[in-house]
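Colleague: Sharing a structure with you now.
The values are calculated or read from the model by the stated rules, or taken from the named source; none is laboratory data. Everything numeric in this text was worked out from a predicted model, so none of it was measured. Counting neighbours? That spans all protein chains shown, and the Cβs are built from the backbone with ideal geometry, glycine included. Note: areas computed on protein heavy atoms with side chains; ligands, DNA, RNA excluded. Shrake-Rupley method; radii C 1.70, N 1.55, O 1.52, S 1.80 Å.
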Amino acid sequence: MAAQVVGCELGLKYSRALNLSEVESKRDLESEPYRSKYTARELLKELRAEVGQRAQAGEADEEPALDAEWLQKAAVLELQLGLNHTETEELSAGEEHLAKCVQILETMKLRPEAVSVFIQAQNQLGILWAGLEEMEKAQMYLEDAESLYNQYTKEIGTPPLDTHEHFLAEEERLTEQERHKRFEKVYTHTLYYLAQVYKHLDMIEKAAWYCHTTLQRQLQFASYNPVEWAINAATLSQYYITKQSYMEGRLCLAASSVIFNQVEIPCSESPAEESEEERERRDQLQQKKAEIARCWIKYCLNLLQDSRKLLEDDVGELDWDRQEELKIQLKKEEEEKEQGRKSAVLFGSSETFDLIQSVEEKVNCTYPVDFTKAREVFLIGQNYVQEAKEFFQLEDHVTDHIEVVQDHSALFKALAFFEEDQERCCKMHKRRIDMLEAVYKELNPQYYLLVCRQLQFEIADTFYEMMELKVSIANRLDELDSHNIKKINHLAQSAITYYNLFLDSLKNPEKKFPDLLEADILRPALVCKFRIGWLYSKMITSDPKLQLSNLQQAVDCYHFVVDYCKKQPEAAKVMEPELELCAEMATLLPTRMEKLQAKLVAFS
């Protein structure tokens, strides 16, 4: 009876400490952020002293079972004290208590009464050392925890006691089903922390596998925060995309969308009556939704771009023979993939699996090899562009908004590759220019220099592509009319203008171009010079003097690239595709200019 009274008193004190630490601490004032945690710590210390006395009494009476029970209680208290100290940013003391917990339980860690507590202490030590950037130490503790879980489930298998059960009366103990669920949750935490550690150690493939498994287990055991889960799944999709694993990437994104939809975003009909907390929560949820949309955009964009890489020939045009080969090959691969899908790690529970699959079915995961299939992917990406822009508006999220617009432009560029009609290609590029110029004109280069440079180069490139298309269309005509000539020259001049804006942005306050270009702008700057030269050489005019002036501009640009590459060998490497042509044109154009000059003299 006395033992029951003692156990009840300890249990009440333990519950009070937990409540202070986990519930009341959230209501602490900013001026006293750890008040409840400190009070909980004092209670835990009192409990540790009482439990220590009982453990010593058990040793004196030579009762091994009783002794083990009190030692397990002592280990739980060391675990709680370790958590308490780490949560109050006293890491050295926290590590000491957690290590003590591990030490107490070392000889009995495979017992059902001890294994969960031991693994939790290992998890916390892993987190602690990871926070201190000691990733190898963190890895050691977490891998030991993983190994112990595997050994216990293989050799023992009984659902072990939960940590808090050591301070509960017999009639308050958990069911085996609940114990199993909580133990699996502890192990899921181990996998989650391992995923983070492997990522920091650049063991990316391993990190992705552990992250995927963690997400699946969280769904399986219904133990997750929907918003956090959805963001983690969407983030994982980006890894799969880089590996061209589009089926897995699509799965992650479909699951992300389904799980996020479990959260209702509050809609405020009267913003004036909305509290700051409500407004902040609504904004956070809308931002997360927009971030998931951006991951979908990247999925669609990368799928189109990777398909282009498979289909283009040496000059970047669509290879028709390759297209037919790929159609046959991809159809066969898709059938084999879908058959092997069941052996992959899938997401879903009985409630979510069908919903996830229905979202997946709306999006292709095989490479589109013709315009019809490419347009399907493009339209999905474009829908998510609109969704992302609902939150990432230019007024409040300048950089994010521009990145979404750039991705939208890139979607049009990728789709244009599959379009056979060159006039329709031009219209797609015109859409790109309109959207890029619209945001560029809103920016102050003083504050957004790097973003402005990106936009200047991309707009120039788009005008350049349009000009090439117009020249190609004109070459099929019997005779060039003034309208076509004017259009070609306008596009060439527009491209030159934006290329020059980019080059001007590199100049110092005295408007002098740098003698040495930094590595990140070396190739873009020299490509600008090369393309300005090419554009000047292609401009059409019946005025010999203007033609001569244009050719001189072209020669100057070609010479600039050649001379710079002679002085800086690293530049020659990055400009290898264009350098030979620059040298050739710098030699050929003067001869053409001499002939033109001779004509001018003859007619003067």
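Colleague: Considering only residues that are among the aliphatic types (A, V, I, L, M) and modelled with pLDDT of 95 or more, look in region 375-397 and name the one that is nearest to Glu458 (Cα to Cα).
Modeller: Val385
Colleague: Looking at region 404-427, can you tell me whether even one residue there is modelled with pLDDT of 95 or more, of a type in the set (Val, Ile, Thr) and out of contact with any strand residue (DSSP E or B) (no Cβ under 7 Å at 6 or more places or on another chain)?
Modeller: Yes, region 404-427 contains a residue that is modelled with pLDDT of 95 or more, of a type in the set (Val, Ile, Thr) and out of contact with any strand residue (DSSP E or B) (no Cβ under 7 Å at 6 or more places or on another chain).
Colleague: A further question follows. Going by what's in this entry, would Leu581 be described as assigned to a helix (DSSP H, G or I), within 48 Å of the chain's Cα centre (by Cα), surrounded by fewer than 16 Cβ atoms within 10 Å (Cβ to Cβ) and free of Cβ contacts under 8 Å to residues at least 60 places away in the same chain?
Modeller: Judged against the criteria, Leu581 is a match.
Colleague: So is Val102 part of a helix (DSSP H, G or I), within 23 Å of Gly11 (Cα to Cα), open to solvent by 10 Å² or more (accessible area, probe 1.4 Å) and in contact with a Phe, Trp or Tyr (Cβ under 9 Å, 6 or more places away or on another chain) or not?
Modeller: yes
Colleague: Next question. Hey, which of the helices (runs of 4 or more DSSP H) in region 158-267, taking only ones fully inside, have at least 1 residues that are out of contact with any Cys (no Cβ under 7 Å at 6 or more places or on another chain), of a type in the set (A, V, I, L, M) and open to solvent by 30 Å² or more (accessible area, probe 1.4 Å)?
Modeller: Qualifying helices (runs of 4 or more DSSP H): 204-220, 226-242.
Colleague: For region 1-97, give me every one of the helices (runs of 4 or more DSSP H) that falls completely inside it and has 3 or more residues that are modelled with pLDDT of 95 or more and in contact with a Lys or Arg (Cβ under 8 Å, 6 or more places away or on another chain).
Modeller: 64-87
Colleague: List pairs: first in region 152-179 and without any contact (Cβ under 8 Å) to a residue 60 or more places away in the chain and farther than 20 Å from Arg48 by Cα, second among the aromatic types (Phe, Trp, Tyr) and surrounded by 13 or more Cβ atoms within 10 Å (Cβ to Cβ), Cβ under 8 Å, 6+ apart or cross-chain?
Modeller: Pairs found: Pro159/Phe183; Pro160/Tyr152; Pro160/Phe183.
Colleague: Say whether the condition of being among the polar types (S, T, N, Q), in a helix (DSSP H, G or I) and either more than 21 Å from Pro445 (Cβ to Cβ) or in contact with a Ser or Thr (Cβ under 8 Å, 6 or more places away or on another chain) (or both) is met by at least one residue in region 495-509.
Modeller: The answer is no, given that none of the residues of region 495-509 is among the polar types (S, T, N, Q), in a helix (DSSP H, G or I) and either more than 21 Å from Pro445 (Cβ to Cβ) or in contact with a Ser or Thr (Cβ under 8 Å, 6 or more places away or on another chain) (or both).
Colleague: Considering region 406-427 alone, what residues qualify as being part of a helix (DSSP H, G or I), more than 24 Å from the chain's Cα centre (by Cα) and farther than 14 Å from Glu468 by Cβ?
Modeller: Phe418, Arg424, Lys427
Colleague: Of all residues being small (Gly, Ala, Ser) and out of contact with any helix residue (DSSP H, G or I) (no Cβ under 7 Å at 6 or more places or on another chain) in region 551-604, which is modelled with the lowest pLDDT? Just the residue, please.
Modeller: Looking at the filtered set, the residue picked out is Ser604.
Colleague: For region 254-270, what are the residues that are modelled with pLDDT of 85 or more and not small (Gly, Ala, Ser)?
Modeller: Val258, Ile259, Phe260, Asn261, Gln262, Val263
Yes or no, residue by residue, for (1) modelled with pLDDT of 95 or more; (2) of a type in the set (A, V, I, L, M):
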| site | (1), (2) |
| --- | --- |
| Tyr193 | yes, no |
| Glu205 | no, no |
| Gln218 | no, no |
| Ser223 | no, no |
| Ser237 | yes, no |
| Leu251 | no, yes |
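Colleague: Could you check, for region 469-480, whether at least one of its residues is out of contact with any Phe, Trp or Tyr (no Cβ under 7 Å at 6 or more places or on another chain), acidic (Asp, Glu) and under 18 Å from Gly533 (Cα atoms)?
Modeller: No.
Colleague: What are the residues in region 457-470 that are over 26 Å from the mean Cα position of the chain (by Cα) and of a type outside the set (Val, Ile, Thr), if any?
Modeller: Ala460, Asp461, Phe463, Tyr464, Glu465, Met466, Met467, Glu468, Leu469, Lys470
Colleague: From the residues in region 312-326 that are within 21 Å of Asp421 (Cβ to Cβ) and surrounded by 14 or more Cβ atoms within 10 Å (Cβ to Cβ), which one is modelled with the highest pLDDT?
Modeller: Glu312
Colleague: All but one of (1) open to solvent by less than 30 Å² (accessible area, probe 1.4 Å); (2) touching a Ser or Thr at 6+ places or on another chain (Cβ under 9 Å) hold for Gln120, so report the exception by its number.
Modeller: Failing condition for Gln120: (1).
Colleague: In the list Pro514, Pro524, which residue meets the criterion of being open to solvent by 20 Å² or more (accessible area, probe 1.4 Å), within 21 Å of His559 (Cβ to Cβ) and assigned to a helix (DSSP H, G or I)?
Modeller: Exactly one residue qualifies, and that residue is Pro524.
Colleague: Select from region 540-572 the residues that are hydroxyl-bearing (Ser, Thr, Tyr) and assigned to a helix (DSSP H, G or I) and write down the one among them that is surrounded by the fewest Cβ atoms within 10 Å (Cβ to Cβ).
Modeller: That would be Ser549.
Colleague: Mind counting the residues in region 464-477 that are more than 16 Å from Glu423 (Cβ to Cβ) and open to solvent by less than 20 Å² (accessible area, probe 1.4 Å)?
Modeller: Number of matching residues: 0.
Colleague: In addition: In region 493-511, which residues are of a type outside the set (Ser, Thr, Tyr), modelled with pLDDT of 95 or more and open to solvent by less than 60 Å² (accessible area, probe 1.4 Å)?
Modeller: Those that are of a type outside the set (Ser, Thr, Tyr), modelled with pLDDT of 95 or more and open to solvent by less than 60 Å² (accessible area, probe 1.4 Å): Ala495, Ile496, Asn500, Phe502, Leu503.
Colleague: Out of the residues in region 478-492 meeting the condition of being open to solvent by 80 Å² or more (accessible area, probe 1.4 Å) and in a loop (DSSP other than H, G, I, E, B), tell me which one is farthest from Glu420 (Cα to Cα).
Modeller: By that ranking, first place goes to Glu479.
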